[in-house]
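Engineer: Below are the structure tokens for one structure; questions will follow.
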Amino acid sequence: MATKVTTPGKKNLQTTLEIGKAIRAYYEGVKEAKSAGKPVIWSYGLVPREIFHAADAPVLYLEHLPLMIGAKQLSGRYIQLAEEEGFSRDVCAFHRCFLGCAVAKDRDPYLEKLFVSPDLIIASNLPCMSESKSFLYAADHHNCPYYFLDAPINTWGKDIPDYAIEYFAGQLQGAIDSMEEHGFKVDMDKLKESINLTKKMMGLWNEIDNCRKTVPTPMSTVDGITAAYPLIQLPGTQLGVTLFERLLEELKEKVEKKQGVIEDEKLRLMWFGVPPFYNMGLFNYVEKYGAVVVKSMVEYIAGGAFDPSKMDPKKPLESLAYKALVDIVNPTYPNMVDFIVKAVEEFKIDGLIGVVKRSCGLLPGYMRLVKDAVYKDKGIPTSIFDLDGLDIREYDDVTSKANLDSFVESLLASKRRQ
């Protein structure tokens, strides 16, 4: 029987506590909007959030809600409900979790505070196959209209051709038209302004990253994953800009005072794969060795790894199309591999932790490619082991910590020999 010992992650920054409050306030706002009779959108996939903000639309984001359920160690129950409805255990755990939330006849009090039924579903095939299928069951279950965005797979790398951008911009316009057919009004002037705000947010995120590259790092991955909420859910908003301005100011002060996450930083680690949302304390576990997980690639999904200077407020849909299509989780693989190799160098990483989420059809395919690339180009070793970041039923605390123990101890031994 697997041992499931979970602990909350330890935050070190005041701003990430504020971001946590902003998350709760957002979901309370969605619930209040539904109670007031306003239509609510369910968004599947990495649909650009700016089109929703430009319509002041209350949106339930179907990758984020399972994350919150997982953090409360409730994911197993809802995943089980989806499996009882006939979904295979090989289907992405995030989608099984949300489908379980969607069909549950009695939801626990925590979920009930967050959950609202949809009036419209906006879905996409970005970033994976599960996105393009799982929403259909929810649409049927709630007898709800939907619009589907077809995102081209990136086979070009960082230079997306104009015809692909034009195609996806047309898909975004279709989503806007569908929203307007169902009671939402997208303010195009507000959408243009959102591009400026997104550019500002991305510039602030780059400065935040530069602070995190400092030795000792002033910010751990526990704080980083919380800080990714504005990056992923609040692009194009003044709130997102304000939160990042506060975070940057706090980090600059720590850098100036040379205040790190721990007093004696001996190792810097990077996490590649889905984090254990039900046990964020696993990131803190390595700190007993003087090691810090300084970065996680999941922080960059939907906006953290592109050039914001290419966004043009005069062409809002084309700008959002570029931002979406060049995302590191939209193949081909060189974007992802190049990103990890560059991050390993810039963040002075000593070791890469790769975790395989068995039910994911996308990220595990990168693991061996990333492992080979960071060792060949930078001489940095990688440890790969199984860990489903959402399905708590599959988590084994003893095995996970043993994997981290052996990897960190080998890295320290290697440093002593140098």
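Engineer: What are the residue pairs meeting all of these: first residue in the stretch 337-358, first residue in contact (Cβ under 8 Å) with a residue 24 or more places away in the chain, second residue part of a helix (DSSP H, G or I) and surrounded by 23 or more Cβ atoms within 10 Å (Cβ to Cβ), Cβ atoms under 6 Å, and 6 or more apart or on different chains?
Structural biologist: The qualifying pairs are VAL337/VAL370; ILE340/VAL370; VAL341/VAL374; VAL344/VAL374; LEU352/VAL374.
Engineer: Is there a residue being at pLDDT 90 or above and at positive phi anywhere in the stretch 37-47?
Structural biologist: For the stretch 37-47, residues at pLDDT 90 or above and at positive phi: present.
Engineer: Go through the stretch 35-64 and give me each residue that's more than 21 Å from LEU149 (Cα to Cα) and not small (Gly, Ala, Ser). Explain how you work it out, then say what you get.
Structural biologist: We begin by selecting, within the stretch 35-64, every residue more than 21 Å from LEU149 (Cα to Cα); these are 35-38.
Of everything in the stretch 35-64, just one residue is more than 21 Å from LEU149 (Cα to Cα) and not small (Gly, Ala, Ser), namely LYS38.
Engineer: Say whether the condition of being in contact with a helix residue (DSSP H, G or I) (Cβ under 6 Å, 6 or more places away or on another chain) and either buried (at least 23 other Cβ atoms within 10 Å of the Cβ) or modelled with pLDDT of 95 or more (or both) is met by at least one residue in the stretch 104-114.
Structural biologist: no
Engineer: Here are some residues: ILE23, ILE41, ILE19, ILE69. Which one is among the aliphatic types (A, V, I, L, M), out of contact with any strand residue (DSSP E or B) (no Cβ under 6 Å at 6 or more places or on another chain) and over 30 Å from VAL255 (Cα atoms)?
Structural biologist: On the way: ILE23 fails: over 30 Å from VAL255 (Cα atoms); ILE41 fails: out of contact with any strand residue (DSSP E or B) (no Cβ under 6 Å at 6 or more places or on another chain); ILE19 fails: over 30 Å from VAL255 (Cα atoms).
Matching residue, one of ILE23, ILE41, ILE19, ILE69: ILE69.
Engineer: Let me ask you something else. If a residue must be without any contact (Cβ under 8 Å) to a residue 12 or more places away in the chain and part of a helix (DSSP H, G or I), how many such residues does the stretch 78-91 contain?
Structural biologist: Narrowing the stretch 78-91 to residues without any contact (Cβ under 8 Å) to a residue 12 or more places away in the chain: 84, 86, 88.
With part of a helix (DSSP H, G or I) added as a condition, the list becomes 84.
The total comes to 1.
Engineer: Filter the stretch 221-248 for residues that are over 15 Å from TYR300 (Cα atoms) and of a type in the set (Ser, Thr, Tyr); which is modelled with the highest pLDDT?
Structural biologist: THR242
Engineer: Another question, then. Inspect the stretch 257-273 for any residue being part of a helix (DSSP H, G or I) and over 27 Å from SER414 (Cβ atoms) and give the result as yes or no. Reasoning before the result, please.
Structural biologist: So in the stretch 257-273, the residues part of a helix (DSSP H, G or I) come out as 257.
Add one more test, that the residue is over 27 Å from SER414 (Cβ atoms), and what stays is 257.
Among the residues of the stretch 257-273, at least one is part of a helix (DSSP H, G or I) and over 27 Å from SER414 (Cβ atoms), which makes the answer yes.
Engineer: May I pose another question? Does the stretch 367-380 include one or more residues that are without any contact (Cβ under 8 Å) to a residue 40 or more places away in the chain, under 29 Å from ASN284 (Cβ atoms) and of a type in the set (Gly, Ala, Ser)?
Structural biologist: yes
Engineer: Any residue at all in the stretch 54-77 that's assigned to a helix (DSSP H, G or I), hydroxyl-bearing (Ser, Thr, Tyr) and crowded, with 24+ Cβ neighbours inside 10 Å? Spell out the reasoning first.
Structural biologist: Initially, the stretch 54-77 is screened for residues assigned to a helix (DSSP H, G or I), giving 64-71, 75-77.
Now narrow it down to the ones that are hydroxyl-bearing (Ser, Thr, Tyr): 75.
Narrowing the set further to residues that are crowded, with 24+ Cβ neighbours inside 10 Å leaves 75.
Yes, there is a match, as at least one residue in the stretch 54-77 is assigned to a helix (DSSP H, G or I), hydroxyl-bearing (Ser, Thr, Tyr) and crowded, with 24+ Cβ neighbours inside 10 Å.
Engineer: Considering only residues of the stretch 106-144 that are within 21 Å of LYS357 (Cβ to Cβ) and assigned to a loop (DSSP other than H, G, I, E, B), which is farthest from the chain's Cα centre (by Cα)?
Structural biologist: Looking at the filtered set, the residue picked out is ASN125.
Engineer: Further, regarding this structure: Residue pairs, Cβ under 9 Å, 6 or more apart or interchain, first in the stretch 37-55 and touching a residue at least 24 places away in the same chain (Cβ under 8 Å) and farther than 22 Å from PRO66 by Cα, second polar (S, T, N, Q) and outside any loop (DSSP other than H, G, I, E, B). List them.
Structural biologist: ILE51/SER194; ALA54/SER194
Engineer: Hey, among the residues in the stretch 145-155 that are in contact (Cβ under 8 Å) with a residue 60 or more places away in the chain and surrounded by fewer than 19 Cβ atoms within 10 Å (Cβ to Cβ), which one's nearest to the chain's Cα centre (by Cα)? Step through it out loud before you land on a result.
Structural biologist: Our first condition is that a residue be in contact (Cβ under 8 Å) with a residue 60 or more places away in the chain; within the stretch 145-155, this holds for 149, 151-155.
So of that shortlist, the ones also surrounded by fewer than 19 Cβ atoms within 10 Å (Cβ to Cβ) come out as 153, 155.
Values: ILE153: 19, THR155: 22 Å.
Restricting to residues being in contact (Cβ under 8 Å) with a residue 60 or more places away in the chain and surrounded by fewer than 19 Cβ atoms within 10 Å (Cβ to Cβ), the top hit is ILE153.
The values are calculated or read from the model by the stated rules, or taken from the named source; none is laboratory data. Keep in mind the model is a prediction, meaning the values are calculated, not measured. FYI the Cβ positions are ideal-geometry reconstructions off the backbone, even for glycines, and counts take in every protein chain you see.
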